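See structure below.
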């Protein structure tokens, strides 16, 4: 029994690494999503082209390939990353590309009259975006962002393949040390599911809080 | 960082071997996902509350946990209870089951989109349950789903590199073994990335066409 508690400790350590990766990856993804998503609705062709290239590139190749590329190929270009850095970079850039399309869709979903109202109030493009468009668009983005965050959480399992000691990696360690297969993998699956439930609950709470005071404003 | 075309020519045959397995896994996985998804969607509409509820939770659980861990589960845990699967079969089952939970949502939306009047008309024509489904509901529900289904199959295609973790010799695994043999990561990894990028850019065109062909619902 004491042995099992030791292995459970190992798995919980892995859970911490997974949570850390998810949080850091989400922050990077959020930054990239807003940069690229707003870039896609920019006035300037160059910015639009750059944002589109970024999005198509990272959505077109899988997260696994990107991670291996970042970890194994970049060192040859003189840029050595630790597994954690490579993991956060690949996860953030990949999920950021998907979320960028959400940002673009949400910005475009705000009605034309809102843009016209901005012009009528003599707000500049940036001011209008900041005070009128984004506050409304944010609420539209939120549920899909939640799904993206769960996708990111699930994608973190891939970093175990570049020897980062996350949940999946620890499950493999426990499997090879004990020879037991059901216990490590089932408990890891349950932990992932619990984390996913926490994310979706958090997003729902956030959504409710943000929708407060907007009743009647939104159509 | 230097690119060696001779090396590229040398490793090409090995990579093409991998491409074949990748495509095979995607096709088989897609077929399985289409069937599993339909099964889940129908079970969730079942009259029997317990069946509907438990299938719903099962699908939710699979969707909330990483494919990689599920693959490990199928590959390592099932042999302990006497089911020994070849790696490719385990991989296809994993892909089919995981994406089946996604396609189930597509089916659900498609079925819900068939107007109530059609159900009532089927009843008025004295059609039984099975005939209502096969002759009235599914023929109307399936065409609008095709673009969304294709979208998930493309996503599945991009996830096939995960099969390398359970020793399926697909593209990523071939690239890794080539890279480890010659200790040259640049060419194999970049080629894998390029391959996925090219296929997914082509698939964008295919998706547009499918959306044009099937996306509109004529009433």
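The values are calculated or read from the model by the stated rules, or taken from the named source; none is laboratory data. Fair warning: this is a prediction, and the values are worked out from it, not measured in the lab. For neighbour counting, all protein chains shown are included, and Cβ atoms are generated from backbone atoms with ideal geometry for every residue, glycine included.
Residue A:175 meets each of the listed conditions (1) within 22 Å of residue A:26 (Cβ to Cβ); (2) within 14 Å of chain B (Cβ to nearest Cβ) apart from (1). Residue-level check: of (1) away from chain B (no Cβ under 12 Å); (2) buried (at least 18 other Cβ atoms within 10 Å of the Cβ), residue A:135 misses just (2). For region B:182-197, a tally of residues being over 15 Å from residue B:12 (Cβ atoms) and more than 9 Å from every other protein chain (Cβ to nearest Cβ) returns 1. The criterion of at least 1 residues that are more than 30 Å from residue B:8 (Cβ to Cβ) is met by the following helices (runs of 4 or more DSSP H) wholly inside region B:103-219: B:116-124, B:138-159, B:186-210.
Within region A:72-90, residues that are at the interface with chain B (Cβ under 8 Å from one of its Cβ atoms) and modelled with pLDDT under 85 reach partners that are part of a helix (DSSP H, G or I) and surrounded by 16 or more Cβ atoms within 10 Å (Cβ to Cβ) with beta carbons closer than 8 Å, at six or more positions or on different chains, in the pairs A:76/B:186. Taking the stated definitions as given, is residue B:94 closer than 17 Å to residue B:27 by Cα and either away from every other protein chain (no Cβ under 13 Å) or within 14 Å of the chain's Cα centre (by Cα) (or both)? Here the answer is yes, as residue B:94 does meet what is asked.
Table: residues versus (1) away from every other protein chain (no Cβ under 13 Å); (2) surrounded by fewer than 17 Cβ atoms within 10 Å (Cβ to Cβ); (3) touching a residue at least 12 places away in the same chain (Cβ under 8 Å); (4) touching a strand residue (DSSP E or B) at 6+ places or on another chain (Cβ under 7 Å).
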residue	(1), (2), (3), (4)
B:101	no, no, yes, no
B:116	yes, yes, no, no
B:120	yes, yes, no, no
B:153	yes, no, yes, no
B:158	no, no, yes, no
B:166	no, no, yes, no
B:173	no, no, yes, no
B:178	no, no, yes, no
B:199	no, no, yes, no
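Only one of these conditions is not met by residue A:190: (1) more than 23 Å from residue A:86 (Cα to Cα); (2) touching a residue at least 40 places away in the same chain (Cβ under 8 Å). Which number is it? Here residue A:190 clears every test but (2).
Quick check on residue A:164: is it over 17 Å from the mean Cα position of the chain (by Cα) and part of a helix (DSSP H, G or I)? So residue A:164 fails the test. Here residue B:3 meets each of (1) in contact with a helix residue (DSSP H, G or I) (Cβ under 7 Å, 6 or more places away or on another chain); (2) in a helix (DSSP H, G or I); (3) farther than 18 Å from residue B:154 by Cα with one exception, condition (2). Applying the set (1) within 14 Å of chain A (Cβ to nearest Cβ); (2) part of a helix (DSSP H, G or I); (3) in contact (Cβ under 8 Å) with a residue 60 or more places away in the chain to residue B:69 leaves exactly one unmet item: (3).
With respect to (1) away from every other protein chain (no Cβ under 14 Å); (2) loosely packed, with under 15 Cβ neighbours inside 10 Å; (3) within 24 Å of residue B:177 (Cβ to Cβ), the lone exception for residue B:35 is condition (3).
Rundown of residues vs (1) under 18 Å from residue A:170 (Cβ atoms); (2) surrounded by fewer than 16 Cβ atoms within 10 Å (Cβ to Cβ); (3) in contact with a helix residue (DSSP H, G or I) (Cβ under 6 Å, 6 or more places away or on another chain), yes/no style:
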{"residue": "A:20", "(1), (2), (3)": "yes, yes, no"}
{"residue": "A:28", "(1), (2), (3)": "no, no, yes"}
{"residue": "A:37", "(1), (2), (3)": "no, no, yes"}
{"residue": "A:46", "(1), (2), (3)": "no, yes, no"}
{"residue": "A:49", "(1), (2), (3)": "no, yes, no"}
{"residue": "A:66", "(1), (2), (3)": "no, no, yes"}
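Candidates are the residues of region A:183-199 that are closer than 13 Å to residue A:14 by Cα and within 7 Å of chain B (Cβ to nearest Cβ); the one that is nearest to the chain's Cα centre (by Cα) is A:192. Per the listing A:180, A:160, the residue uniquely within 25 Å of residue A:99 (Cβ to Cβ), within 14 Å of chain B (Cβ to nearest Cβ), in contact with a helix residue (DSSP H, G or I) (Cβ under 9 Å, 6 or more places away or on another chain) and without any contact (Cβ under 8 Å) to a residue 60 or more places away in the chain is A:160.
Among the conditions (1) over 18 Å from residue B:20 (Cα atoms); (2) within 26 Å of the chain's Cα centre (by Cα); (3) at pLDDT 90 or above, residue B:213 misses just one, which is (3). The test for being farther than 22 Å from residue A:62 by Cα and under 20 Å from the mean Cα position of the chain (by Cα) holds for residue B:37.
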